[in-house]
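A short write-up of the structure that comes next.
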Amino acid sequence: QLQLVESGGGSVRPGGSLRLSCSVSGYSLDDHSIAWFRQAPGKEREGISCVSPRDGRAIYSDFADSEKGRFTISRDVAKNTVYLQMNELKPEDTAVYYCAALSKPYYSDYTCLRANYYDTRDWGKGVLVTVST
């Protein structure tokens with residue numbers, strides 16, 4: 001059964017950290033890129049980072065790159081899990097965070113960060129992150 005399940009969300013004060021986990025079942029991390037997206041209220045879903053299925057390389061969106069290392073993606077192939085470490089969280093990071101899977105034939109550094117390239121069936125249900133005082 002194909003499934004992606006996010007965990008690790010919650011409420012945190014500005015400046016705090018969270019590590020999100022995406023538990024992947026039914027997908028091979030060698031055959032799929034796993035990406036993290038987020039969607040804030042009233043905004044479009046935006047890509048944060050993804051992992052290349054070809055070489056495990058981490059790709060970051062322009063937004064994430066501009067945040068000077070606040071976001072770090074990693075994967076544990078043995079656990080079939082992909083993580084998103086988020087540091088120095090800001091109120092504007094408040095959003096629902098999703099992980100998604102993109103099969104290798106459709107993967108590129110461009111497509112993996114764009115939600116419209118993903119099949120609607122290949123998303124987790126999301127986890128809420130709230131950053132506030």
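The values are calculated or read from the model by the stated rules, or taken from the named source; none is laboratory data. Keep in mind that this is a model prediction, so the values were computed, not measured. Reconstructed Cβ throughout: ideal geometry from the backbone, glycine too, with neighbour counts over all protein chains shown. Calculation scope for accessible area: heavy atoms of the full protein, side chains included, ligands and nucleic acids excluded. Shrake-Rupley method; radii C 1.70, N 1.55, O 1.52, S 1.80 Å.
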GNM top mover of Arg38, Arg13, Arg75 - the chain, alpha-carbon springs below 10 Å: Arg13
Kirkwood-based Rg over Rh for region 66-117 (C-alpha set), two decimals? 0.99
What is the distance, in nm, between label points placed 7 Å from the Cα along the Cα-to-Cβ direction at Thr111 and at Phe63? 2.2 nm
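Calculated FRET efficiency, Glu92 and Arg19, Cβ-Cβ r, R0 22 Å, to nearest 0.05? Walk me through the intermediate numbers first.
Numbers: r = 19 Å, r/R0 = 0.87.
So, using R0 = 22 Å, E works out to roughly 0.70.
Using only alpha carbons, build the gyration tensor for region 43-99 and give me the equivalent ellipsoid semi-axes, biggest first, whole Å. Walk me through the numbers before you get to the answer.
On the way: eigenvalues 85, 31, 26 Å².
The answer is 21, 12, 11 Å, longest axis first.
What percent do you get for the relative contact order of region 94-133 when only Cα pairs under 8 Å and 6+ apart count? Show your work: numbers first, answer last.
Values: 37 pairs, mean separation 25.5, N = 40.
After rounding, I find 64 percent.
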In whole percent, the fraction of accessible protein surface over the chain that belongs to carbon or sulfur atoms, probe radius 1.4 Å, stands at 47 percent
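Could you compute the net charge surrounding Ser52? Neighbours are other residues with a C-beta less than 13 Å from the C-beta of Ser52; K and R count +1, D and E count -1. Present the calculation step by step, with values, prior to reporting the outcome.
Working: positive: Arg54, Arg57, Arg75, Lys104; negative: Asp30, Asp31, Asp55, Asp109.
Summing Lys and Arg as +1 and Asp and Glu as -1 gives 0.
From the helices alone, meaning DSSP H stretches of at least four residues, give me the mean residue ellipticity at 222 nm for the chain, per-run term -39500 (n - 2.57), in deg cm²/dmol to the nearest 500. Provide the component values of the computation, followed by the final result.
Numbers: 1 runs with 5 residues, N = 133.
It lands at -500 deg cm²/dmol.
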Using +1 on the beta carbon of Lys and Arg, -1 on that of Asp and Glu, and nothing else charged, what's the dipole of the chain about the Cα centre, debye to 20? 220 debye
Positive end of the dipole of the chain, charges at C-beta (+1 Lys, Arg; -1 Asp, Glu), about the Cα centre: which of Ser52, Thr72, Ser33 has its Cα farthest in that direction? Thr72
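Which number comes out as Rg/Rh for region 4-56 once both Rg and the Kirkwood Rh are worked out on C-alpha atoms?
Numbers: Rg = 13.3 Å, Rh = 13.1 Å.
Across region 4-56, the Cα-based Rg/Rh ratio is 1.02.
Could you work out the relative contact order of the chain, using alpha carbon pairs under 8 angstrom and six or more residues apart, expressed as a whole percent? Walk me through the intermediate numbers first.
Numbers: 327 pairs, mean separation 48.0, N = 133.
Across the chain, relative contact order equals 36 percent.
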Debye, to nearest 20: dipole size of region 93-133, +1 on Lys, Arg Cβ, -1 on Asp, Glu Cβ: 120 debye
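Averaged per residue, what accessible surface does the chain expose to a 1.4 Å probe, in Å²? Could you put the intermediate results ahead of the total?
On the way: 6920 Å² over 133 residues.
Solvent-accessible surface per residue comes out at 52 Å².
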From the C-alpha gyration tensor of the chain, pull out the three semi-axes of the equivalent ellipsoid (sqrt of 5λ each), sorted largest to smallest, in whole Å. 23, 15, 14
